[in-house]
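Take a look at the structure below.
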């Protein structure tokens, strides 16, 4: 059979291959597990609660659209500094509403539907008011998170 | 080896060392079947690991379950991989468990002195089916919801205790969020606890008694002759590990090329989708019950079917005690026939059930 | 007084027969008691119940029903009004003749113009109405006079509706009461009691000529307005009075239809008013959308082929017909955007099912849906250029979403490739392990052989 040194080299090579193979498969298994354990950026499933932004980014008498699951929401800061949040889906034909600063109303560009800052229909074709959400602040000052919850 | 010496100094591993050094595994033509049990155990380990990982993100409520699985698969890093592994491993695990069961059945390894190993094994098989049934509902999608409805409905067909059993399983009269909570508790706590105990027992028995040798091979031995032995460590262990890696490779391939879908979220008030049926491991039983006529000699067909399956399960548990010839070490053609018929029935009815309308 | 009559009678009687005196006295007392308590001769209790008490016992339903209705929820009775406040007469008298005396102001059953006058006596007087319902209008009678009903009544036609035809005369409920005949969901049926009656409507004609139809209610019940009002829980959806007027009811008239529809559908009316069709269409919106059977519009209407709304004036396939060309251009653009949205939506759903996060893309796709709605609005200006500009914006969104969808598909392929690589690593290890096992076996064999 083979010379002793050849067999020994082959064994050394095999052992090395085995070690490399074992380590690489172990890493291939451990790496996804390790990444899995790290919390993802989005925090938690957007079923009932979502972070709509930072408190400091919203000036009085302005609004911002945010994502609630696969549908848009709108968070409004009234002239008095109050925070309100609604679904931005117009109840007429599902267009996205926007904030009109001059009249302080929520307006749907599609057919001129108007909602007041309580979400109630003021004029136009929408049959119902906008779905209202609950707004809370998490944290202090300008960096506080605006947390919107489906009621 | 230094670590082992460190432990040995404190806990005296000499008993273990001798056991491992002396332990051998018989070598013969049928030894390939020895590996099935270990492969099943490997997959069970995969299930426990991936299950625990999924537990960190899954939410067991009707309003959140589907969304949490969606979150795992879309947002969590490698969540899609862990979820796919868990779903595929479940199916492979049950398949291997059945393979292991049939190999033991055919080779008569259940005969004296290994009756208790067989009993614990059969119970483990039923537990695996329970894991499959309870886990299937957890993603709360349309298919799972209706399959559970049908399955728990069948439980209700058991005579006398059926109604009670149905309410116990469903957590009420219908499949609701209460059912989800119950199945979740079963799947992550109750079944794992019982399984751990039974697996420990099963392994203890196997280690104590060593591997069984088929009757035919035993009888060919001349008096005083022994079968060649393979050292348990490292020869058999390395082969075992090889088998496990092959299983994992198959698992990875399945997860890569046939990823598991999310499905649509369950709507209890939607109509039952056409052609609803349970997962493949329940198909044979399901299709059999469908074929039983609605009334046989005045008894409701479904009751008869369920009772028949119950009797079959009891028979299976008692096989080692019923097979006299095998316990004497004699060939037992009758039980081989029973095993063959059982295998034929399961395979054919699973295939028929799959293609039936 | 009665008793003293009886006792003096008894005393007179006692001179002739001492034994009969007390008995006779008791008999007289009994007779007087019986007579005085009989309803026919009893003193009637004061105020409203006088009329109701007598009328409710009448066999003739024409007399009994109004009394019964007046005791049900009735806004006038609840405000303290009585029968005599509209009908005159005296409620305190038990005698029919005196209760119904003209001298007491008894008017009997008002008919025709008298009904309007009776109601208007209070309802057109702001000083009276301010005491009971300060916000209520007081010009209903004036409006009524300008309506078709009012004008016909002035000509002596007693078949037309007056105040009581719609509001009832007795058992009048507030208009906010769901059982009132003029509650928004009930208005159509109230108008229909006359307007679906062929015999009653015979002889009347439309302003532009032709017999007055009686299928308006059936048509209206096919409309989106009816569906919104009855099933959509939208009380602002129009019923008969919203387009025809309340008390001043009449068909809107040529040139006014667009304004009427435009009170709610303002954006469409604005665009239409600036369009080429405005001076051409007599009936405005009604030309394409109908007047009563206003069904949910579909993109199929935008076509000069058979079944399309444009086909009424434009010829399909006519190269010189600018209207047909415009219809074709607008319709093709809309169908393209629609199918783009559908395809992108289907792609997103597919990869979402496979496990890719697509909520950002789904949110973006809504913008394309908004553009589609805006394009369908813009059609009413009948200017192809403007419609195509909006559709182009929509297609940009669809294309961006489709690209993101393709990224999702690529991510799925990347995952698969990653797993294939791991598979490769596992297989290498498996092969190496197999070789190792063989090596160990060989070593064991040589060792055993050398023993």
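Computed from the coordinates by the stated procedures, all read-outs in this text should not be read as laboratory data. What you see is a predicted model, and the numbers here were worked out from it, not measured in a lab. Positions of Cβ are backbone-derived with ideal geometry, glycine not excepted, and every protein chain shown enters the neighbour counts.
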Open item on the list: Can you give me the angle between helix B:2-11 and the longest principal axis of chain B, using Cα atoms only, in degrees from 0 to 90, rounded to the nearest 10?
Closed with: 90
- [ ] Compute the Cα gyration tensor for chain C, then decide on rounded, prolate or oblate, letting a ≥ b ≥ c be the square roots of its eigenvalues: rounded whenever a/c is under 1.5, prolate when a/b is larger than b/c in the other cases, and oblate in all that remain.
- [x] oblate
Task: Degrees separating the helix C:359-378 axis from the principal Cα axis of chain C, which is the longest one - done: 60
Task: Value of Rg to Rh for the range B:72-226 (Rh from inverse mean 1/r over Cα pairs, i.e. Kirkwood) - done: 1.10
- [ ] Starting from the exponent 0.38 and prefactor 2.2 Å, build the expected Rg for the range C:240-308 from its residue count and divide its actual Cα Rg by it.
- [x] 1.17
- [ ] Could you work out how far helix A:4-37 tilts from the main Cα principal axis of chain A, as a 0 to 90 degree angle to the nearest 10?
- [x] 10
Task: Max mean-square fluctuation residue, GNM over chain B, Cα-Cα springs under 10 Å, options B:250, B:20, B:119 - done: B:20
Task: Projected area averaged over orientations for the range A:6-151, convex hull of C-alpha atoms, nm² - done: 13.7
TODO: With springs connecting C-alpha atoms under 10 Å apart, model chain B as a Gaussian network and identify which of B:52, B:215, B:82 has the largest mean-square fluctuation.
DONE: B:52
Task: Gap separating the Cα centres of the range A:71-130 and the range B:207-248, nearest whole Å - done: 75
TODO: Return the FRET efficiency for the residue pair residue C:198, residue C:111: r is the Cβ-Cβ distance, R0 is 25 Å, and the value is rounded to the nearest 0.05.
DONE: 0.55
Task: Helix-only [θ]222 nm of chain A, DSSP H runs n ≥ 4, -39500 (n - 2.57) each, per residue, nearest 500 - done: -8000 deg cm²/dmol
TODO: In Å and from the alpha-carbon atoms only, list the Rg and Dmax of chain B.
DONE: 22.7, 73
- [ ] Evaluate the distance, in nm, between pseudo-label points positioned 7 Å from the Cα of residue C:222 and of residue B:300 along their respective Cα→Cβ axes.
- [x] 5.0
Open item on the list: Pick from B:34, B:258, B:245 the residue whose mean-square fluctuation is largest in a GNM of chain B, springs joining Cα atoms under 10 Å.
Closed with: B:258
- [ ] Give the span of the range A:87-151's Cα atoms along each principal axis, as three whole-Å numbers ordered largest to smallest.
- [x] 40, 27, 17
Task: Ellipticity estimate at 222 nm from DSSP helix runs (n ≥ 4, -39,500 (n - 2.57)) divided over chain C, nearest 500 - done: -18500 deg cm²/dmol
Task: Rh (Kirkwood; distinct C-alpha pairs) - the range C:82-234, Å - done: 18.1
Task: Gyration tensor (Cα) of the range C:353-418, equivalent ellipsoid semi-axes in angstrom - done: 34, 11, 6
Task: Space enclosed by the convex hull of the alpha-carbon atoms of the protein assembly as shown, per residue, Å³ - done: 388
- [ ] Determine the calculated [θ] at 222 nm for chain B from helices alone, applying -39500 (n - 2.57) to every DSSP H run no shorter than 4 residues and normalising by the residue count; nearest 500 deg cm²/dmol.
- [x] -22000 deg cm²/dmol
Open item on the list: Can you tell me, using C-alpha contacts under 8 Å and at least 6 residues apart, the relative contact order of the range C:322-438 as a whole percent?
Closed with: 32
TODO: Equivalent ellipsoid semi-axes for the range B:168-277, as square roots of 5 times the alpha carbon gyration tensor eigenvalues: give them largest first, rounded to whole Å.
DONE: 45, 21, 15
Open item on the list: One quarter of the convex hull surface, Cα atoms only: what value does that give for the range B:265-357 in nm²?
Closed with: 8.8
Task: Kirkwood hydrodynamic radius (C-alpha pairs) into Stokes-Einstein, the range C:322-438, 4 °C and 1.567 mPa s, D in µm²/s - done: 76
- [ ] Using only Cα atoms, locate the centre of the range C:53-76 and the centre of the range C:188-212, then give the distance between them in Å, rounded to an integer.
- [x] 31
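Remind me, what semi-axes does the range C:171-254 give for its equivalent ellipsoid, largest first in whole Å, using sqrt of 5 times each Cα gyration tensor eigenvalue?
Values: eigenvalues 109, 46, 32 Å².
Ellipsoid semi-axes (Å, largest first): 23, 15, 13.
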